[in-house]
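Structure record follows, encoded as structure tokens.
Nothing in this text is a laboratory measurement; each read-out follows from the coordinates by a stated rule. Computed from a predicted model, the values in this text were never measured in an experiment. Ideal geometry is used to build each Cβ from the backbone, glycine not excepted, and the neighbour counts take in all protein chains shown.
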Amino acid sequence: MADDKPIKVIHERNICIGCCACEAIAPKFWIMNKDNKADLVGAKKLENELYELELDAEQGNIEAAESCPVNCIHVEENGKRKI
Ligand code: SF4
């Protein structure tokens, strides 16, 4: 599709342990939910507890992914996984 954006941020929410690191680093995108797991703001649900957000630029989400102790945040650029 012509409106495809180059960056995809993926959250495997089922693995999230609610450590708040992503929210501390990229609060525009990551907000803690009442269930003590992070939500990826504006993401669409791909399947059960798997979310995806498309962006023009990674905007700190690589650092957020690097901070995640259970590696449940991933960033892809043009279909290639960065983390
Ligand atoms: S850094 Fe990872 S484990 Fe911690 S709240 Fe964010 S998504 Fe969850």
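Before moving on, here are some points about what is shown:
- Of all residues in segment 2-14 being among the charged types (D, E, K, R) and in a loop (DSSP other than H, G, I, E, B), the one that is farthest from the ligand (Cβ to nearest atom): ASP3
- Every residue from segment 15-71 that is surrounded by fewer than 19 Cβ atoms within 10 Å (Cβ to Cβ), assigned to a loop (DSSP other than H, G, I, E, B), of a type outside the set (Lys, Arg) and at negative phi: ILE17, CYS19, PRO27, ASN33, ASP35, VAL41, ALA43, ASN48, ASP56, ALA57, PRO69, VAL70
- Pairing residues of segment 43-55 that are touching a residue at least 12 places away in the same chain (Cβ under 8 Å) with residues that are assigned to a strand (DSSP E or B) and of a type in the set (A, V, I, L, M, F, W, C), at Cβ distances under 6 Å and at least 6 apart in sequence or on separate chains, gives ALA43/LEU53; TYR51/LEU40; GLU52/ILE10; GLU52/LEU46; LEU53/VAL9; LEU53/LEU40; LEU55/ILE7.
- Residue count, segment 41-83 (criterion: farther than 16 Å from ASN14 by Cα, among the small types (Gly, Ala, Ser) and touching a strand residue (DSSP E or B) at 6+ places or on another chain (Cβ under 9 Å)): 5
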